[in-house]
Amino acid sequence: MAAGFKTVEPLEYYRRFLKENCRPDGRELGEFRTTTVNIGSIGTADGSSLVKLGNTTVICGIKVEFGAPPTDAPDKGYVVPNVDLSPLCSWRFRSGPPGEEAQVASQFIADVIENSQVVQKEDLCISPGKLAWVLYCDLICLNHDGNILDACTFALLAALKNVQLPEVTINEETALAEVNLKKKSYLNIRTHPVATSFAVFDDTLLIVDPTEEEENLATGTLTVVMDEEGKLCCLHKPGGSGLTGAKLQDCMSRAVTRHKEVKKLMDEVFKSMKPK
C-alpha cells in the first residue's frame, strides 16, 4: 500500500515523513548518509580516491603532465577538472558529449579550485615561462543517488592530497627537463574545501545531503563550500526557491560542522596509510 501511494503521490508521501522530522530512509532532516573514502584507488593514476556518500559513488583520478605556462601568467601551472556522468551511473544520462548537469558540475569544481586556492597555481610552475605542471582531474560518477557535488568535492580533495610530484630540473646546456622519479614530494594543499548540499522542500523546509529522489521533489537546492577557517569558498544555488538570511545562516553553520566531520574522516584515513 505504502509503495503504491509513493508511486502515485511521491511528494505527499515525503511530506508525511517530513512532518515527523524524519525521512523515508530513516534519517533525520539534518543527518548525512554514511560517508567513506578510499585513497590511492587507481594504481595507474598519480593521485586518486574513491568516495561513497550513501549510494552515491565518485572516483577521482589525477594525471600530471608537462605543459607550457599561460602567456598571461608565466609563473603558473594548470588544474583541469572534468566531471563525467555516464549512463553507467544513472538511467538519466546518455552516451556522447557531456550533458548540462555534467558541465555544471565541472564548472562548480573549477570554481571551488579557484576560489578556495586549494592548490595555488604558482606552486605548479617548474620554470617561469618555460615549463609547468598540468593536473588533469577526472571525476567519474559510478552511482548517482543525489548530492553529486559534495561527493565530487570530497573526492577531488582526497585525490589531490594523494598526488606526489617528482623533482624536475632544467638542464642549462640542453634546456631539457630532467625528472628524478626517486625524489617525490606531495602537493602543497593550501586549504581543505568541503561542500555541504541542502534541498528545500515546500519553499521553507531544509534537509541535508539529499538523495536523487529528494532532489527531484525539492523546490530548490543549495550547496555551500567552506574551508577549515570557516571562510565561504563557493555558494551554488541553481534557481528554485529563495532562502531568507536566517535560513542561509543556518546552512553555513551546518556547513562548518560538516567540514569538521569530513576533515576528521580524511585525516584518519591518511594517518592509517602512513607506515608505522
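Within segment 96-109, residues that are surrounded by 16 or more Cβ atoms within 10 Å (Cβ to Cβ) sit with their Cβ atoms under 7 Å from residues that are acidic (Asp, Glu), at 6+ positions apart or across chains, in these pairs: 102/84.
Could you check, for segment 174-183, whether at least one of its residues is open to solvent by less than 60 Å² (accessible area, probe 1.4 Å) and over 21 Å from the mean Cα position of the chain (by Cα)? Spell out the reasoning first.
Going through segment 174-183, the residues open to solvent by less than 60 Å² (accessible area, probe 1.4 Å) turn out to be 177, 180.
With over 21 Å from the mean Cα position of the chain (by Cα) added as a condition, the list becomes 177, 180.
The answer is yes, given that some residue of segment 174-183 is open to solvent by less than 60 Å² (accessible area, probe 1.4 Å) and over 21 Å from the mean Cα position of the chain (by Cα).
Would you check if there is a residue in segment 146-157 being surrounded by fewer than 16 Cβ atoms within 10 Å (Cβ to Cβ) and not β-branched (Val, Ile, Thr)?
First, pick out the residues of segment 146-157 that are surrounded by fewer than 16 Cβ atoms within 10 Å (Cβ to Cβ): none.
Within segment 146-157, none of the residues are surrounded by fewer than 16 Cβ atoms within 10 Å (Cβ to Cβ) and not β-branched (Val, Ile, Thr).
Going by the conditions given, is residue 110 over 15 Å from residue 211 (Cα atoms) and under 26 Å from the mean Cα position of the chain (by Cα)? Let's see the steps before the verdict.
Numbers: over 15 Å from residue 211 (Cα atoms): yes; under 26 Å from the mean Cα position of the chain (by Cα): yes.
Yes, satisfied.
When you go through 27, 33 one by one, which is the residue that is in contact with a strand residue (DSSP E or B) (Cβ under 6 Å, 6 or more places away or on another chain), farther than 30 Å from residue 121 by Cβ and open to solvent by less than 30 Å² (accessible area, probe 1.4 Å)? Explain how you work it out, then say what you get.
Details: 27 fails: in contact with a strand residue (DSSP E or B) (Cβ under 6 Å, 6 or more places away or on another chain).
After applying the criteria, what remains is 33.
Taking the criterion of being surrounded by 15 or more Cβ atoms within 10 Å (Cβ to Cβ) and in contact with a helix residue (DSSP H, G or I) (Cβ under 7 Å, 6 or more places away or on another chain), would at least one residue in segment 63-71 satisfy it? Scanning segment 63-71, I find no residue that is surrounded by 15 or more Cβ atoms within 10 Å (Cβ to Cβ) and in contact with a helix residue (DSSP H, G or I) (Cβ under 7 Å, 6 or more places away or on another chain), so the answer is no.
Among the residues of segment 47-68, none qualifies, meaning not one is in contact with a Pro (Cβ under 6 Å, 6 or more places away or on another chain), in a loop (DSSP other than H, G, I, E, B) and touching a residue at least 12 places away in the same chain (Cβ under 8 Å).
For the structure I just gave you, tell me whether residue 135 is over 18 Å from residue 38 (Cβ atoms) and either open to solvent by less than 10 Å² (accessible area, probe 1.4 Å) or not charged (D, E, K, R) (or both). Here the answer is yes, as residue 135 does meet what is asked.
The values are calculated or read from the model by the stated rules, or taken from the named source; none is laboratory data. In this text the structure is predicted, and so the values were computed from the model without any measurement. So basically every Cβ, Gly included, is an ideal-geometry build from the backbone, and we count neighbours across all protein chains shown. Areas reflect the complete protein model, heavy atoms only, side chains present, ligands, DNA and RNA absent. Shrake-Rupley method; radii C 1.70, N 1.55, O 1.52, S 1.80 Å.
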